[in-house]
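Student: This is the structure I want to talk about, given as structure tokens.
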Amino acid sequence: MNDIVTIKGLKYGLQLTFAKGASFEDIQANLLEKLESGNGFFLRGTTVFVPKDHFAEEQNEILRRMFHRHGMLFSTELKRPNLAPPQRDEKSSAKKFRESVEEAQKMMVINRTVRGGQEVKVNCSVLICGNVNPGAQIIAGGSIDVRGTCRGFVHAGAFGDKTAFVVADRLMPSQIRIADIIARAPDEPEQVSQAERAMIRDNMIIFEPVAR
Amino acid sequence: MSQVLVITSGKGGVGKTTTTANIGVGLAMRGNKVALIDTDTGLRNLDLLLGLENRILYDLVDVTSGRVQYKKALVRHKKYENLYLLPTSQIKDKSAVTPEQLVKLCEEMKKEFDFIIIDCPAGIEQGFQTAIAPAETALIVTTPEISAVRDGDKIIGELGRAEKEDVKLIVNRIRPQMVEKGDMLDMSDIDEILSIACIGQVPDDENVVVATNRGEPVITMSDSMAGQAYKNIVARLCGESVPFLKPQKEGFFARLKKLFGLM
């Protein structure tokens, strides 16, 4: 099943080749499965190249739509003349990335309890020496460390940093977001007695005990 | 040294006005000269609780707008002669008094009074901002309900923004039986969220309703639990250290004692 479609990375995108004799339906199903599994190959904005004469025009159209739905470009031409100059683009995005990493490594210290209705919004990481009460919001570009009980709403890695985490002496937020992943408190609140850290693993937010 | 206190809560109906009336009477009973200022313009109630409605001649809006001297608007309590009420207008709304006006008024009144207690309206809008402006100490009234505690938390945050650091808590309408069964927030639950010094735990008491309707604060009733709790709050405000009532035991032992004719 996995050999129906072969993916090869190119400088400007992904080259797909298909097993001989595979039906279009099988190929389509296989691609869709790969797309939905989110295995990291198919990033948004990637261009996908398909050999020019492999499919009929209407089949190409079906694939084009499928990739579009997943935020990708579809092409039967290996060269894309209308692509922006790739060199410069890569450089500026690399710079941006470096800046965002530097920003996330900074840390702001809040030396009080953040109460309901109050909001802390920072581009960097944040250390809160106090509680985060229900109704309070903490939104950070980096990670969030609460030296106290965290009962409010917390969002770490607000710009998409999936390595961001939230750690608290007692981590019981009403809702927690890391990058674009959201989790909420269970309807039956459970007692937390140990410091915990929340982070992303397998596209899910998990809590694990930590020693402090 | 005179003190300006504000009694606030965020949420409505938790007993701000009742607390104001009782603490006011309690402080006056101890011989302090006390002024109560109602800032709940448009929804005034404090005069009713003190039984002074029909004695009102002028109100807070008349004073702050400069129509009369504040002394003319003060209503002296019929029983406690060093307790005065400065009622507010029932016709105007909250925008009629500004924070600056109230600060100026309190500065002037501080020369005359030992305690000035401001009854704050519910909410966090202009009425609240006005009421807290002159205060040195804020007493937050809450009930053991999640909504009241949440609003209390918000209010503490707002007070912090207004740089009012001396904030104390009064928990009102505690029902010991429910707390014991785990159906009501207990003090540790409340303290976990609010984490400020508590100076009062007032049990739920039917006498409060009777007292309110009669226009005589419950603190004047000698056999009322709530009245005793208010007396303790007053004592703590005067710097005495009084242990909190133990209402959990009271239910059972009081009945036992009554059975044996001890009470």
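Student: Residues of B:187-193, mean number of Cβ from any other protein chain within 10 Å of their own Cβ, rounded to a whole number?
Tutor: Numbers: counts 0, 0, 0, 0, 0, 5, 9.
Mean number of neighbouring Cβ atoms from other chains: 2.
Student: I've got another one for you. Given the convex hull of the Cα atoms of region A:5-75, what is a quarter of its surface area in nm²?
Tutor: Working: hull surface 17.2 nm².
With every direction weighted equally, the projected area is 4.3 nm².
Student: Turning to a different aspect of this structure: In a GNM of chain B with a 10 Å cut-off on Cα contacts, which of B:Val14, B:Val242, B:Val218 has the highest mean-square fluctuation?
Tutor: Maximum among the listed residues: B:Val242.
Student: Rounded to the nearest 5, what % of the DSSP beta bridges within chain B are antiparallel ones? Mind showing how you got there, number by number?
Tutor: On the way: 2 of 30 bridges.
Given both bridge residues lie in chain B, the antiparallel proportion sits at roughly 5 percent.
Student: Could you list, bin by bin from short to long, the percent of Cα-Cα pairs of the protein assembly as shown in 20 Å steps?
Tutor: Values per bin, smallest distances first: 20, 35, 24, 14, 6, 0.
Student: Given an 8 Å cut-off on Cα distances and at least 6 residues of separation, report the relative contact order of region B:3-259 as a percent. Write out the running numbers ahead of the final one.
Tutor: Numbers: 507 pairs, mean separation 61.4, N = 257.
Worked out over region B:3-259, it gives 24 percent.
Student: Given a Förster distance of 51 angstrom, what is the FRET efficiency for B:Glu192 paired with A:Leu43, based on the Cβ-Cβ distance and rounded to 0.05?
Tutor: Taking R0 as 51 Å, the efficiency between B:Glu192 and A:Leu43 is 0.70.
Student: Using the number of other C-beta atoms within 10 angstrom as an exposure proxy, rank B:Arg150, A:Arg184 with the fewest first. Kindly include the intermediate steps, with their values, before the conclusion.
Tutor: Working: B:Arg150 21, A:Arg184 12.
By the 10 Å Cβ count, ascending: A:Arg184, B:Arg150.
Student: Arrange the peptides B:32-44, B:151-163 so that the one whose residues have, on average, the most other Cβ atoms within 10 Å appears first. If you can, show how the numbers build up before the last one.
Tutor: Values: B:32-44: 23.1, B:151-163: 20.4.
Per-residue Cβ counts within 10 Å, averaged per peptide and sorted highest first, yield B:32-44, B:151-163.
Student: Send over the per residue convex hull volume for region B:17-78, Cα only, as a whole number of Å³.
Tutor: Numbers: hull volume 5.2 nm³, N = 62.
Given the Cα convex hull of region B:17-78, per-residue volume reads 84 Å³.
Student: For region A:5-75, calculate the relative contact order in percent as a whole number, restricting contacts to Cα pairs under 8 Å that are 6 or more residues apart. Mind showing how you got there, number by number?
Tutor: Details: 75 pairs, mean separation 23.0, N = 71.
32 percent.
Student: Quick one: dipole size for region B:3-259, taken about the Cα centre, charges +1 on Lys/Arg Cβ and -1 on Asp/Glu Cβ, in debye to the nearest 20.
Tutor: Approximately 800 debye in magnitude.
Student: How do B:Glu216, B:Glu206 rank when sorted from fewest to most other Cβ atoms within 10 Å of their own Cβ?
Tutor: So the ranking, lowest neighbour count to highest, is B:Glu206, B:Glu216.
Student: As I understand it, the dipole of region A:5-75 uses +1 on the Cβ of Lys and Arg and -1 on the Cβ of Asp and Glu, about the Cα centre. Which of A:Gly9, A:Gln28, A:Ala56 lies farthest toward its positive end?
Tutor: A:Gly9
Student: Could you work out Rg/(2.2 N^0.38 Å) for region A:103-209, with Rg from alpha carbons only?
Tutor: The reported ratio for this selection is 0.94.
Student: Moving on to the next point. For region A:5-75, what is the charge dipole size about the Cα centre, in debye to the nearest 20, if Lys and Arg each add +1 at the Cβ and Asp and Glu each add -1 at the Cβ?
Tutor: My answer is approximately 380 debye.
Student: Sorted from fewest to most neighbouring beta carbons within 10 Å, what does the list A:Glu36, B:Glu145 look like?
Tutor: So the ranking, lowest neighbour count to highest, is A:Glu36, B:Glu145.
Student: For region A:47-63, just list the computed ³J(HN,Hα) in residue order, Karplus coefficients 6.51, -1.76 and 1.60, θ = phi - 60°, integers in Hz, with x standing in for Gly and Pro.
Tutor: 3J(HN,Hα) across region A:47-63, in whole Hz: 9, 10, 9, 10, x, 4, 9, 5, 10, 6, 4, 6, 5, 4, 5, 4, 5.
Student: Under 16 Å from a point 7 Å along the Cα-to-Cβ line of A:Ser93: which residues of region A:128-160 have their amide N that close?
Tutor: Hits in region A:128-160 for A:Ser93 at 16 Å: A:160.
Student: ³J(HN,Hα) across region B:56-69 via Karplus (A = 6.51, B = -1.76, C = 1.60, θ = phi - 60°), whole Hz, x for Gly/Pro?
Tutor: Karplus-based 3J(HN,Hα) across region B:56-69 equals 6, 10, 10, 9, 4, 5, 4, 6, 5, 7, x, 6, 9, 5 Hz.
Student: Shifting gears a bit: Taking every alpha carbon pair in region B:54-113, what does the distance histogram look like in 10 angstrom bins from 0, in percent?
Tutor: Result, from short to long distances: 22, 55, 22, 1 percent.
Student: For peptide A:111-123, how many partner chain Cβ atoms fall within 10 Å of a residue's Cβ, on average?
Tutor: Taking the mean over all residues of the peptide, I get 4.
Student: Further question: For a protection proxy built on the mean count of beta-carbon atoms within 10 angstrom, sort A:169-177, B:15-23, A:201-209, B:166-174 highest first, please.
Tutor: B:15-23, B:166-174, A:169-177, A:201-209
Student: Alpha carbons only, please: Rg and Dmax for region B:3-259, in angstrom.
Tutor: In Å, with Rg to one decimal and Dmax whole: 17.7, 60.
Student: Sticking with this structure for a sec: Suppose R0 equals 51 Å; then what is the FRET efficiency for A:Glu188 and A:Asp53 from their Cβ-Cβ distance, rounded to the nearest 0.05?
Tutor: 0.30
Rule-based calculations on the coordinates, nothing more; no lab input. Note that this is a predicted model, so its numbers are computed, not measured. Using ideal geometry, Cβ is built from the backbone for each residue, glycine included, and neighbour counts are taken over all protein chains shown.
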